[in-house]
1. Out of every Cα pair in region 214-281, what percent are spaced more than 13 Å from each other?
2. Can you put Met145, Met119, Met354 in order, fewest other beta carbons within 10 Å first?
3. Treat the count of other C-beta atoms within 10 Å as a stand-in for reagent exposure and order Trp146, Trp23, Trp112, Trp95 from fewest to most.
4. Would you tally the net charge around Gly276, using a Cβ to Cβ cut-off of less than 13 Å, leaving Gly276 out, and scoring K and R as +1, D and E as -1?
5. If r is the Cβ-Cβ distance from Gln328 to Gln222 and R0 is 22 Å, what FRET efficiency results, to the nearest 0.05?
6. Of the trypsin sites (Lys or Arg not before Pro) in region 290-375, which ones lie in a loop per DSSP and count no more than 16 other C-beta atoms within 10 Å?
7. Please compute the modelled spin-label separation between Thr339 and Thr189, points set 7 Å along Cα→Cβ, answer in nm with one decimal.
8. What is the Rg over Rh value, at two decimals, for the chain, using alpha-carbon atoms and the Kirkwood definition of Rh?
Amino acid sequence: MIEVLVTGIGLVSSLGTNLEESWQRLIAGKSGIQLHQPFAELPSLPLGLIDRQPARLNDLTQLVVDSALKDAELIAPLPDCGVVIGSSRGYQAAWEMYGSGEGGEELDLEDWLDTLPHMNAIAAARQIGATGIVMAPMAACATGMWCLAHGVNLIQTGQCQRVIAGAVEAPITPLTIAGFKQMGALAKTGAYPFDKYREGLVLGEGGAVLVLESGELARERQARVYGQILGCGMTADAYHGNAPAPQGRSAIAAVKQCLERSHLTTIDIDFIHSHGTATELNDKFESNLIQELFSNTVAVSSTKGATGHTLGASGVIGVAFSLMALQQKILPPCVGLQTPEFDLDLVITTRSAMVEKVLCLSFGFGGQNTAIALGR
């Protein structure tokens, strides 16, 4: 099987505008979540904003793609590079402005084609001069990890030697906020994953893209390597629009699929980067899944208490942080967690650890289940 190595990472979050800044603030136990009122018609609420006002999708994508190429020491054009970049919300903010008539001359209806769902990936392809495969998967909050899985598949099947893959979200819009509020899923003060007194999720914006390369190409150019993507698992519940299937059979199948394809067993995993949304349903469901498959000595964390829930980008942001954990042998804390409800080895404060194998989990509305295994 062809090795798939990560040779570059671009990341932006409410913790910082690059990977290093976000990582340092994360392991220091900081949070990018603050009270904001970006829309006059809505009350203030905790949000993971990068700046004072909601970001634009194009700006975030350009930033993370540029950062990833620089980190990988690559220079455009890269005509043979595959592009797999997704978003669960896409250009929803622009469409809400079109619909409300706001924005004045800034919104030119002649450019409406640029807001179609796949155009963010197309813009990234233009940015790096990629003329090969371009994909724009969407699987709700599992989007980012689905994109990585597709990127891995392109390399392992020999269709590409290099792929830039990930997801970007600018989801802070009136409709998104109203929708999650109507569901009763929004927190009032902050995000506290796996805490007995958790309130719900906090919306955040940001994104991450990884440069994936075949082992042959990475060694040929003597690239720095963050880690290896060992395998992926993807399943669907076929159960409900926003609630996980009660027994979690499909989610368990995704984890088992991932481990089998990675040639790992549950005892090989040193650290689990969980989906950990801080909602009542998700944290209970995910804790049950982990307890059923793993011993209670495997370390577990969620970084959404620090970044907010970046929806489709959350999984790949978690993978980026997990690669840093592998490289630096440091487990990031579950920021916001004070009173654990579940019998898990939750990482409450940053700890040093001999991390060799990591499992990243991501779950999306509609019952999308994704697991990715990483190795040094």
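None of the figures in this text is laboratory data; all of them are computed from the coordinates on show. All figures in this text were calculated on a predicted structure; none of them were measured in a lab. No Cβ is skipped: glycine too gets one built from the backbone with ideal geometry, and neighbour counts run over all protein chains shown.
1. Of all Cα-Cα pairs in region 214-281, 75 percent lie more than 13 Å apart.
2. Taking fewest neighbouring Cβ atoms as first place, the list is Met354, Met119, Met145.
3. In increasing order of surrounding Cβ atoms, one gets Trp112, Trp95, Trp23, Trp146.
4. Computed value for this residue: -2.
5. Approximately 0.55, to the nearest 0.05.
6. Values: sites: Lys304, Lys329, Arg351, Lys357; in loops: Lys329.
Counting only loop positions with at most 16 other Cβ atoms within 10 Å, the trypsin sites (Lys or Arg not before Pro) in region 290-375 are Lys329.
7. 1.0
8. Numbers: Rg = 19.1 Å, Rh = 20.2 Å.
Rg divided by Rh gives 0.94.
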